[in-house]
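**Student:** Handing you a structure now.
Readers should treat all values here as calculations from the given coordinates under stated rules, not as data from a laboratory. For clarity, every value in this text was computed on a predicted model and none was experimentally measured. Here Cβ is always computed from backbone atoms with ideal geometry, including for glycine, and neighbour counts include all displayed protein chains.
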Amino acid sequence: MSALAAKAGSETPPRMTYASRVVWTRRGVIAAIAVFFEIYGRTFADPNLFSPPSTIVAALFQKVFAEERIRDAIWITFMEVSVAYVMSVVFGLAAGLLVGWTRPGRHAVYPIILLLYSIPQVILLPLFVLIFGIGPAVKIAFGFTHGIFPIMVNVIAGMRNVSPLLLSGSRSLGASSIDVARHVYFPHMVPSLFAGLRLAMTLTLLGVILGELYVSTTGIGYYTKLFAERLDPAPLFALISVLAFMAILLNEVVRVAERKFTRWKR
């Protein structure tokens, strides 16, 4: 028995083996892409338009993090995106619940929300400048309007998918409105909600960066435009890498929250 137990304990579970293969495959793909762009950047690319990854990493520490103004700009962008995203989540969830809770709201207000969501918001940027001026407020507001609509649309869509039989059955069993919201609406709404949260995070970041590109003298968007006009691709791609890391960080926060609120699915 002891020999069999030792043999069983020494064997690697199939799931762990598969997970390790996935991790190493992912690392291999990333390494292959980095090698490809390194060779392309050093051999074929115009140095005024493209830089290899090694040069980008060097510029990240020598030209980006070494400059106090750029470090401050990165922090300003992160705070603007965070504030705009939190506002989008709070107001988008509240508005989505308010509209999706009743049938008149779903049938009368939901089409209006879809209509507003379909408007390209970049054409409204001059209006935002007239209302909020040039400063952090216009970038936060522009990011907020980009992020709130995906959350509202997905929350309402999730509530519309609830079967009327579940609602009538729960009420016939004596469930209160709070019980119906917690045990019927919420489980059906969660998958759509987190899909909206992921999309809203990306669009909020896009809205803030657009505001910095056109109506700002600070932030990551402003410095990416500055480096692009100077034909200095190394710090430009370094700042793009910082934006990518920022998006990954916010997406990871959403993923952790999703795992916490969807334990029932596992």
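**Student:** Fewest to most neighbouring Cβ within 10 Å: what's the order for Val23, Val64?
**Tutor:** By the 10 Å Cβ count, ascending: Val23, Val64.
**Student:** For segment 33-175, compute Rg over Rh where Rg is the Cα radius of gyration and Rh is the Kirkwood radius from the inverse mean 1/r over Cα pairs.
**Tutor:** 1.20
**Student:** To continue, here is another question. Can you work out the Karplus-derived ³J(HN,Hα) for every residue in segment 109-121? Use 6.51 cos²θ - 1.76 cosθ + 1.60 with θ = phi - 60°, whole Hz, and x for glycine or proline.
**Tutor:** Result, rounded to whole Hz: 8, 4, x, 5, 4, 5, 5, 5, 5, 7, 6, x, 6.
**Student:** Moving to a separate point now. Ranked by Cβ crowding within 10 angstrom, fewest neighbours first, how are Phe37, Phe91 ordered?
**Tutor:** Listing Phe37, Phe91 from fewest to most nearby Cβ atoms yields Phe91, Phe37.
**Student:** Choose one of Ala200, Asn154, Leu125: the residue whose Cα lies farthest towards the positive end of the charge dipole of the chain (beta-carbon charges +1 Lys, Arg; -1 Asp, Glu; about the Cα centre).
**Tutor:** Sorting the options by dipole projection puts first Asn154.
**Student:** Grab the other residues whose beta carbon is less than 13 angstrom from that of Ile220, score K and R as +1, D and E as -1, and report the net.
**Tutor:** 0
**Student:** If you compute Kirkwood radius over Cα pairs in Å for the structure shown, which of [x] 21.9; [y] 19.7; [z] 18.3 do you land on?
**Tutor:** Computing Kirkwood radius over Cα pairs in Å and matching it to [x] 21.9; [y] 19.7; [z] 18.3 gives [x].
**Student:** Express the relative contact order of segment 53-265 as a whole percentage, based on alpha carbon pairs under 8 Å and six or more residues apart in sequence.
**Tutor:** 30
**Student:** Given Cα positions, please report Rg to Rh for segment 206-266, the hydrodynamic radius being the Kirkwood one.
**Tutor:** Ratio value, two decimals: 1.22.
**Student:** May I ask you to sort Met79, Met87 by Cβ crowding, counting other Cβ atoms within 10 Å and putting the fewest first?
**Tutor:** Met79, Met87
**Student:** Once you have the Cα-Cα distance between Ile248 and Lys260, take 0.36 nm times their residue separation minus that, and quote the gain in nm to one decimal.
**Tutor:** 2.5 nm is the gain from fully extending Ile248 to Lys260.
**Student:** Please list, or write none, the aspartates and glutamates whose alpha carbon is within less than 15 Å of the alpha carbon of Lys63, excluding same-chain residues fewer than 8 places away.
**Tutor:** Asp72, Asp232
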